[in-house]
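The numbers here are math on the coordinates, done by the rules we state, and not lab data. It should be emphasised that the depicted structure is a prediction, and the values quoted were computed from it without experimental measurement. Methodologically, a virtual Cβ is constructed for each residue, glycine included, from the backbone with ideal geometry; neighbour enumeration extends over all protein chains shown.
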Amino acid sequence: MEIRKKILVIDWLDTYGGSEKVVKYLHELYNFDKVYTLVNVMSKKNLDEIFCKKKIEIKTTFLQVLGKYFRYGLPLFPMALKTLKIKEENSLIISVSHSVVKGIEFPKTSQHFSYLVARNLKYIWEEKPLYFKGFRRVFSFITPSLKKYDIRMSKRPTKTASVSSFVSEWANKK
């Protein structure tokens, strides 16, 4: 397969943390052509740090309107991901995920390698009591369907690797 584009997919770009350090390293190796993400609220300075000052196209979703409060849109993450379809044929797609982007749709002619940096959608698994507290408790009824969605999306990548044996064991159980 001749690779036409190298595409990065990350759940969101907001702060320069662990996932973004992984992305910086991967960009140094692969020199990505395009980025797909649910939301980009990262400063230009941090984007320049990650992408080595390369001008790179970043495609986002409707969740962008929530700005730094995008996490309140958790119930909408699956719907947002559906709008973020990769159309480039014969692409190498690398996703760095701790939420939903491992399930991004891509052409059959492309290869999707997903690197799980944490148990995906941990907000509905072990962190449910932390995330669904206060007024957000009324949305906890959606967690069973989000868990099914998370498991289904974990099957989409061509290959999957993870940051730790804990995350790997979790991914293999699903």
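Quick look at the values:
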item	result
Residues 28, 49, sorted so that the one with the fewest Cβ neighbours within 10 Å comes first	28, 49
FRET efficiency estimate (nearest 0.05) - Cβ-Cβ, residue 65 to residue 158, R0 30 angstrom	0.40
20 Å tail of the calculated P(r), the range 5-165, as % of Cα pairs	49 percent
Simple label model, 7 Å out from Cα along Cβ direction - residue 151 to residue 41, nm	3.2 nm
Exposure proxy ranking, count of Cβ atoms within 10 Å, fewest first, for 123, 69	69, 123
